[in-house]
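None of the figures in this text is laboratory data; all of them are computed from the coordinates on show. All values reported here derive from a predicted model rather than from experimental measurement. Heads up, the Cβs are rebuilt from the backbone with ideal geometry, glycines too, and the neighbour counts pull from every protein chain shown.
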Amino acid sequence: MELSEFPRQSIAHLPTPLEPMARLAVHLGGPRILVKRDDCTGLALGGNKTRKLEFLIAEALAQGADTLLTTGGVQSNHVRQNAAAAARAGLSCHLVLAPAVTWNDPAYDVSGNVLLDHLLGAQVHLLPPGTDRDKAMGRLARVLNSQGKAVYVIPSGGSNAVGALGYVACAMELADQAAELGEKVDYLVHASGSGGTQAGLVAGMQLSGSSTQVLGIDITANAADLKKKVRSITQATLHHLGGDEALDRNALQIIEGYAGEAYGLPTEQMRAAVRLAARMDGLILDPVYTGKAMAGLIDLISQGRFDKDQTVVFLHTGGMPGLFAYTEYFQQD
């Protein structure tokens, strides 16, 4: 099937900008760096999940749903964008949250994304640390269905074959923008967490015959599990698009070593990268995803991974609200 044949709600501000990070590139002395601004998708401070939600919300409405249900950590960007998409579509929204990390900043549990979840009218179900969120979400789905609700369940990160279509579309959008600029994109670097963004990009590049290599910077601290997820979702996405094309396993590149001790725990490399991007090009990153991905990109450049005549696109997947949950950390010298 063609991408245009799938139901899709117009939610995001597209195409998102593709612009140079000129000062950072000069500072690092490496390849040309462009940034794909998916922090500018527009919905409730933007982010990559909005692209996925264009297809997920469309499917929910087509199925007659009146309630969205999803899950994530307390500072999940995904659930914030779900709450906003539900509000825009006139759907009720339930969010199953549990701490993804132990972080002793008084702002963590009350500011950033969780503040916006409440502002957007979602019903927040906050569970203790260590709770199996997927099982808790399943129990809540059964309760809501028993109450007569028509529930549409969205997996963590919106990462399934439907959501990944948003990044199949992004791969095509990027190719069009690069062609208009006369650019050949050699690498696309991004934060990889729940797997759906990378899966969509890999599927999109493969289907379009693009030579762009997609490098997913692991932010989970469990790269082996992440690679399995990305492989599974990519293959499911290719199948969902109606083809029998096998996944090119060489296209799955997960770069580890930048996640730190655990998902959501800051690293000094991340903090330095966030500060550098802000002070060089006025680009605001977040501590959980894009900051660690930028730390990875900076280190790869220092290792000579890229030639100076190549072009690297850094995909900014958003997440800025989460920055405020780590206020004390960023105020330290």
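How would you rank 56, 300, 126, going from fewest to most other Cβ atoms within 10 Å of each one's own Cβ?
Ranking 56, 300, 126 by Cβ neighbours within 10 Å, fewest first, gives 126, 300, 56.
Evaluate the relative contact order of the range 1-134 (contact order divided by residue number), counting alpha-carbon pairs under 8 angstrom at least 6 apart; express in whole percent.
21
Fewest to most neighbouring Cβ within 10 Å: what's the order for 181, 116?
In increasing order of surrounding Cβ atoms, one gets 181, 116.
May I ask you to derive the relative contact order of the chain, considering only C-alpha pairs under 8 Å and at least 6 residues apart, and to give it as an integer percent?
Working: 694 pairs, mean separation 76.9, N = 333.
Taking the mean separation of contacting Cα pairs over the length of the chain, I get 23 percent.
With r as the distance between the Cβ atoms of residue 265 and residue 13 and R0 = 41 Å, compute the FRET efficiency 1/(1 + (r/R0)^6) and round to 0.05.
0.80
What's the longest bit of the chain with no exposed trypsin sites (Lys or Arg not before Pro), using DSSP loop states and at most 14 other Cβ atoms within 10 Å as the test? Display every interim value, and only then the final one.
Numbers: sites that count: 184, 308.
That gives 1-183 as the longest site-free run.
Can you show me the helix-derived [θ] at 222 nm for the chain, built from DSSP H runs with n ≥ 4 at -39,500 (n - 2.57) apiece and divided by the number of residues, rounded to the nearest 500. Intermediate results must be reported in sequence, preceding the final value.
Values: 11 runs with 140 residues, N = 333.
That comes out to -13500 deg cm²/dmol.
Given the options 71, 102, 317, state which has the largest fluctuation in a GNM of the chain using a 10 Å cut-off (strictly under) for Cα springs.
Result for the chain, Cα springs under 10 Å: 102 fluctuates most.
Just one of (i) 1.08; (ii) 0.95; (iii) 1.25 is Cα Rg over 2.2 N^0.38 Å as worked out from the coordinates here. Which one is it?
So the structure-derived entry is (ii).
List the pairs from 36/227; 36/184; 52/229; 184/308; 184/229 whose alpha-carbon separation is above 19 Å, in the order I gave them.
Cα-Cα > 19 Å for 36/227; 184/229; rest within.
Of the GluC sites (Glu not before Pro) in the range 1-104, which ones lie in a loop per DSSP and count no more than 10 other C-beta atoms within 10 Å?
For GluC sites (Glu not before Pro) across the range 1-104 that sit outside H, G, I, E and B with at most 10 neighbouring Cβ atoms in 10 Å, the list reads 2.
Within 15 Å, Cβ to Cβ, of residue 160, how many net charges do the neighbouring residues add up to if Lys/Arg are +1 and Asp/Glu are -1? The partial results should precede the final answer.
Working: positive: 49, 51, 52, 228, 229, 231; negative: 54, 59, 134.
Combined, the nearby Lys, Arg, Asp and Glu give +3.
What GluC sites (Glu not before Pro) in the range 255-333 are in a loop by DSSP, with at most 16 other Cβ atoms within 10 Å of the Cβ?
Filter output for the range 255-333: 261.
I want the local charge near residue 310. Using Cβ-Cβ distances under 10 Å, sum +1 for each Lys or Arg and -1 for each Asp or Glu among the other residues.
Net of charged neighbours comes to +1.
What is the spin-label model distance, in nm, from residue 211 to residue 303 if the labels are put 7 Å beyond Cα along the C-beta direction?
It works out to 2.3 nm between the two label points.
Taking the beta-carbon count within 10 Å as an exposure proxy, list 11, 233 from fewest neighbours to most.
The order, fewest Cβ neighbours first, is 11, 233.
Taking 25 Å as R0, compute the FRET efficiency from the Cβ-Cβ separation of residue 310 and residue 249 and round it to 0.05. Don't skip to the end; give the middle numbers.
Details: r = 23 Å, r/R0 = 0.93.
FRET efficiency, residue 310 to residue 249: 0.60.
For the range 247-333, what is the relative contact order in percent, using Cα pairs closer than 8 Å and at least 6 residues apart in sequence?
28 percent.
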